[in-house]
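The values are calculated or read from the model by the stated rules, or taken from the named source; none is laboratory data. Predicted model only: the values in this text are computed from it and were never measured. So basically every Cβ, Gly included, is an ideal-geometry build from the backbone, and we count neighbours across all protein chains shown. Surface areas here come from the heavy atoms of the whole protein model, side chains and all, with no ligands, DNA or RNA. Shrake-Rupley method; radii C 1.70, N 1.55, O 1.52, S 1.80 Å.
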Amino acid sequence: MPLRIGDQVPDFKAETTEGTINFHEWIGDSWVMLFSHPKDFTPVCTTELGYMAKMKPEFAKRNCKVIGLSIDSVQDHHEWAKDIEETQGHALNYPLIGDTDLIVAKLFDMIHPNASGKAKERTAADNATVRSVFIIGPDKNIKLMITYPMSTGRNFDEVLRVLDSVQLTAKHKVATPVNWQQGEDVIIVPAVSDEEAKKQFPNGWKAPKPYIRLVPQPS
């Protein structure tokens, strides 16, 4: 069945560059950002893996683990990691799942359920849809899903922005407006009545329309 936002993320056991993991157990009480790749030793993915290694401390500040996936072997991942460090200036510092049998890709609905064949025999084009991002909460539910075209590198600064938003809105009854950044005003959700909002936001709010109630970002 296709996965949707709000669904519990599939559990699985897999080999990674940092050993065997059971996914739900590995998540623990953390947030997780899982991002997947069509093939090792491909140019766009190489730039992404290096940039994510640079950004990992920002995710760690937010109690968010990072894990990658590619439909190649863990041995290939270790070889690829050398190229990533050499060309991008940042060494791989998070686990990378080996998915040569396509099991995880199929669990996450990233590839056709009838896809088959050995990883070595499959091209990046065969695996084009395996280029996705998932943000997963400590409750093991999916908070974000994005699939990118193979020719377009991901914007991980945007993924971090969304993580900030979903963590904030999980804690407070607010939503974040277009292009919102940390520290900017947020919107009181429609489900909160004005009477309830007065208790939660005693300093009041700006309302260009009755259904648009803007307040400073709560701490």
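Could you grab me the full set of residues in the stretch 112-136 that are under 15 Å from CYS45 (Cβ atoms) and surrounded by 12 or more Cβ atoms within 10 Å (Cβ to Cβ)?
ALA119, ARG122, ALA124, ASP126, ASN127, ALA128, THR129, VAL130, ARG131, SER132, VAL133
The lone criterion from (1) in a loop (DSSP other than H, G, I, E, B); (2) touching a residue at least 24 places away in the same chain (Cβ under 8 Å) left unmet by PRO113 is number (2). On the stretch given as the stretch 55-92, residues that are of a type in the set (Phe, Trp, Tyr) and either touching an Asp or Glu at 6+ places or on another chain (Cβ under 6 Å) or open to solvent by 10 Å² or more (accessible area, probe 1.4 Å) (or both) total 1.
Is it true that some residue in the stretch 112-133 is modelled with pLDDT of 95 or more, more than 28 Å from ILE188 (Cβ to Cβ) and under 16 Å from the mean Cα position of the chain (by Cα)? Before the answer, list the steps.
Step one: filter the stretch 112-133 for residues modelled with pLDDT of 95 or more, giving 133.
This time we only want the ones that are more than 28 Å from ILE188 (Cβ to Cβ), so: 133.
When the remaining residues are screened for being under 16 Å from the mean Cα position of the chain (by Cα), the result is 133.
Yes, the stretch 112-133 contains at least one residue that is modelled with pLDDT of 95 or more, more than 28 Å from ILE188 (Cβ to Cβ) and under 16 Å from the mean Cα position of the chain (by Cα).
Residues in the stretch 39-49 that are buried (at least 21 other Cβ atoms within 10 Å of the Cβ) and over 16 Å from the mean Cα position of the chain (by Cα): LYS39, ASP40.
Matching residues to (1) touching a residue at least 60 places away in the same chain (Cβ under 8 Å); (2) not small (Gly, Ala, Ser); (3) not in a helix (DSSP H, G or I):
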| residue | (1), (2), (3) |
| --- | --- |
| MET52 | yes, yes, no |
| LYS56 | no, yes, no |
| LYS65 | no, yes, yes |
| GLU79 | no, yes, no |
| ASP83 | no, yes, no |
| GLU86 | no, yes, no |
| HIS90 | no, yes, yes |
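With respect to (1) in contact with a Lys or Arg (Cβ under 7 Å, 6 or more places away or on another chain); (2) part of a loop (DSSP other than H, G, I, E, B), the lone exception for PRO149 is condition (1). Collect the residues in the stretch 156-189 that are open to solvent by 80 Å² or more (accessible area, probe 1.4 Å) and part of a loop (DSSP other than H, G, I, E, B), keeping them in residue-number order. Result: LYS173, VAL178, ASN179, GLN181, GLN182, GLU184.
Please pick out the residue among ASP126, ASP29, ASP72 that is in contact with a helix residue (DSSP H, G or I) (Cβ under 8 Å, 6 or more places away or on another chain) and either of a type in the set (Asp, Glu) or on the phi > 0 side of the Ramachandran plot (or both). Talk me through it step by step, then tell me what you get.
On the way: ASP126 fails: in contact with a helix residue (DSSP H, G or I) (Cβ under 8 Å, 6 or more places away or on another chain); ASP29 fails: in contact with a helix residue (DSSP H, G or I) (Cβ under 8 Å, 6 or more places away or on another chain).
Matching residue, one of ASP126, ASP29, ASP72: ASP72.
In this structure, is ILE146 over 30 Å from PRO43 (Cα atoms) and open to solvent by less than 60 Å² (accessible area, probe 1.4 Å)? Criteria not met by ILE146.
ASP139 meets each of the listed conditions (1) part of a loop (DSSP other than H, G, I, E, B); (2) open to solvent by less than 10 Å² (accessible area, probe 1.4 Å); (3) within 23 Å of GLN8 (Cα to Cα) apart from (2). If you check VAL192 against the conditions, is it open to solvent by less than 40 Å² (accessible area, probe 1.4 Å), in a loop (DSSP other than H, G, I, E, B) and in contact with a Ser or Thr (Cβ under 6 Å, 6 or more places away or on another chain)? So VAL192 does not fit the description; no.
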